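Before any comments, here is the structure.
Quick note: the coordinates plus some simple rules give every number you see, no bench work behind them. Since we're looking at a predicted model, the values are computed, not measured. All Cβ positions, glycine included, derive from the backbone under ideal geometry; neighbour counts span all protein chains shown.
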Amino acid sequence: MTPSLSIVLSILVVPPAVLPTEFRPLAPEALVRNFEQPGYARKDKAVILIHGMKLFPFRPHRATVAEMHEFQHSNEDLPSALASTFDVFAFAYAQTLPVDAYAHAPGLRVAIARLRQAGYGEIVLIGHSCGGVIARQFVEAYPEAGVTKVIQVASPNLGSDLAIMKTGYHRVQSAIVESCVPAVRQEMVAQNRRLIPPKVEFATIVCKIPGFDGDVLVWTDAAWPGDLQRQGIPATLVGINHFDAMTGSASVKVILELAREKLTRWSPEDVERARKVMFRLDKDKSDKKDKRPK
């Protein structure tokens, strides 16, 4: 067992009782004004936006607190667009533990329980990058918690090659970075015996930019891996880089469509057709990995 995987598994055996998190309403304005008051739910549907990893090499103290990311502010396009159909919330977490810990720590469970108590019939998790991994692990581990749909956006289900690098981050963030090393994520997937619950709608958005088989940080086969394909999880391709995936107009449009529409599992034939687009199976595959770090 690699040292990184040992850290991840130890966290999962004894989940942290206290992990700095923040849960707040974003939109519409009436929800924000009346949050915490009885009957604050304005709609039957709620969305929780979950951020991914952000590195703080020069200000490591920021990694020890829950901090909202750019797209998790009420004036951004995504929350504003979602607000016509959903009450929109944001969930943030400190970034000092393996990514796997956040799905099992109390913060997200408490937030979702509060929404259920408020009367929301549908609860959608939209997770960017590692946030999508957290959302997936949450519904796998807690299928009765009340989440009805998950949308992953540019999520490293099988890790990111950049996590192998030992520079660019402070040691306080070593645990979360190392938990995204491909070998660690692949081992976690291999050991996982849980499936995405059939009653939970699920989709993943794969981001690509020209000349890459991915979005700079996450490769296509890591965002939509074989275990999701075998479960018939639908994937949508968006031409955008990893960093703009939650703010770019093209991806915001796709996220909004997936959040609103009914998501169904794909047949093996559907998956194979999508694979030909995602992985260019109808072309020479010899160049598939030629741009990856050596």
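At a threshold of 8 angstrom on Cα-Cα distance, excluding pairs fewer than six apart, so keeping six or more, what relative contact order does the chain reach in percent?
18
Can you give the local net charge around R171? Use residues other than it whose beta-carbon is closer than 15 angstrom to its beta-carbon, Lys and Arg +1, Asp and Glu -1.
After counting each charged neighbour, the total is +2.
Taking one equal scatterer on every alpha-carbon of the range 3-287, how large is log10 of I(q)/I(0) by Debye at q = 0.14 1/Å?
For the range 3-287, the Cα-only Debye profile gives -1.00.
Between beta-carbons, use under 13 Å as the cut-off and find the net charge around F243, counting Lys and Arg +1, Asp and Glu -1.
-2
What are the ³J(HN,Hα) couplings of the range 28-44, residue after residue, when phi is run through the Karplus curve with 6.51, -1.76, 1.60 and θ = phi - 60°? Round to Hz, x for glycine and proline.
After applying 6.51 cos²θ - 1.76 cosθ + 1.60, I find x, 4, 4, 5, 4, 5, 9, 4, 5, 8, x, x, 5, 4, 9, 9, 8 Hz.
Normalized C-alpha radius of gyration of the range 50-128, against 2.2 N^0.38 Å?
Relative to the rule-of-thumb radius for its length, the range 50-128 sits at 1.20.
Scan around A27 for amide H atoms under 5 Å from its own, H built in the peptide plane at 1.01 Å from N, and keep only partners 5 or more places away or cross-chain.
For A27, the qualifying residues are V88.
Can you put M68, M165 in order of Cβ neighbours within 10 angstrom, beginning with the fewest?
If I rank by nearby Cβ atoms, fewest first, I get M165, M68.
Per-residue HN-Hα couplings for the range 154-171, Karplus 6.51 cos²θ - 1.76 cosθ + 1.60 at θ = phi - 60°, whole Hz, x for Gly and Pro?
Calculated HN-Hα couplings, in order: 6, 9, x, 4, 10, x, 9, 4, 5, 5, 6, 5, 9, 10, x, 8, 7, 4 Hz.
Let me know the charge dipole size of the range 147-270 about its Cα centre in debye, to the nearest 20, where only the beta-carbon of Lys, Arg (+1) and Asp, Glu (-1) is charged.
Here the size comes out at about 420 debye.
Looking at F86, F35, L19, which one has the Cα that reaches farthest to the positive end of the dipole of the chain (charges on Cβ: Lys, Arg +1; Asp, Glu -1)?
So the residue furthest toward the plus end is L19.
For the cross-link pairs K199/K262; K54/K262; K149/K276, which exceed 20 Å when the distance is taken from alpha carbon to alpha carbon?
Check vs 20 Å cut-off fails for K54/K262; K149/K276.
Suppose every Lys and Arg Cβ carries +1 and every Asp and Glu Cβ carries -1, with no other charges. What dipole size does the range 3-287 come out with about its Cα centre, to the nearest 20 debye?
Approximately 380 debye in magnitude.
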